[in-house]
Amino acid sequence: MGKRKIQNEQEVIRWFEEGKTYQWMIDEYQRKYGIKTVPSMWGNFRSRRGLDRRIVRDDELIPWFVKEEHRWAYPLAMLRTEARHRAGKELTEGDQARLTSWKEMLETENAVVHYDPETEAGFHYIPRQEGDDDIIHRPKEKTTPRPNADKE
């Protein structure tokens with residue numbers, strides 16, 4: 001069995017609690033201990049210790065399978081930020097400011113987010129319609145490729 005790379009488990013648990021990114025942990029371990037690590041090592045540690053998932057999945061807020069070319073669209077980034085906010089995760093000041101501004105825009109424009117994978121942009125703002133009870137226009141059926149990983 002190879003030498004364990006984790007030098008101080010309590011330190012690593014603290015980093016997870018502080019919301020440090022995997023890349024930060026990789027860089028810090030290289031700097032502090034001269035040990036090269038990879039993101040999967042940190043993810044495996046998180047999973048084995050039962051620590052919270054780093055990504056919040058909210059299939060109610062993002063009910064679509066999103067094509068690769070649309071995965072970095074601003075409306076989707078804001079929906080992910082809103083999902084973190086709703087899950088009680090701490091947001092950076094910048095993320096909180098962007099989210100507040102974005103939600104104010106939706107309110108002012110009386111708009112919701114709509115996803116059409118067959119268009120170049122993918123995500124669009126459309127006028128709020130009867131039945132729109134959130135910040136998205138819900139599809140007739142969810143197209144997420146798998147169930148929410150955080151639900152049992």
**Q.** Rg followed by Dmax, in Å, when the chain is reduced to its Cα trace
**A.** 18.8, 61
Q) Roughly how many Å² is the accessible area per residue of segment 1-136, as a whole number, for a 1.4 Å probe? A) 64
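Ignoring ligands, DNA and RNA, please state the percent of accessible area on segment 38-108 from carbon and sulfur, probe 1.4 Å. Can you show the working numbers first?
Values: 2180 of 4320 Å².
The value for segment 38-108 is 50 percent carbon and sulfur by accessible area.
Sorted by packing (mean other beta-carbon atoms within 10 Å per residue), highest first, where do 68-78, 4-14 land?
Numbers: 68-78: 14.3, 4-14: 11.9.
Sorting 68-78, 4-14 by mean packing, highest first, produces 68-78, 4-14.
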Q. For helix 74-86, what angle does its Cα long axis make with the longest principal axis of the chain, in degrees from 0 to 90 and rounded to 10?
A. 70
Q. What does the highest-first list of 106-118, 88-100 look like by mean Cβ count within 10 Å?
A. 106-118, 88-100
Q | Helix-only mean residue ellipticity at 222 nm for the chain, each DSSP H run of n ≥ 4 adding -39500 (n - 2.57), per residue, nearest 500 | A | -12500 deg cm²/dmol
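The values are calculated or read from the model by the stated rules, or taken from the named source; none is laboratory data. Model, not experiment: these values are computed from the prediction. Cβ coordinates were reconstructed from backbone atoms using ideal geometry, including for glycine residues, and neighbour counts include every protein chain displayed. With ligands, DNA and RNA removed, areas are computed over all heavy atoms of the protein, side chains included. Shrake-Rupley method; radii C 1.70, N 1.55, O 1.52, S 1.80 Å.
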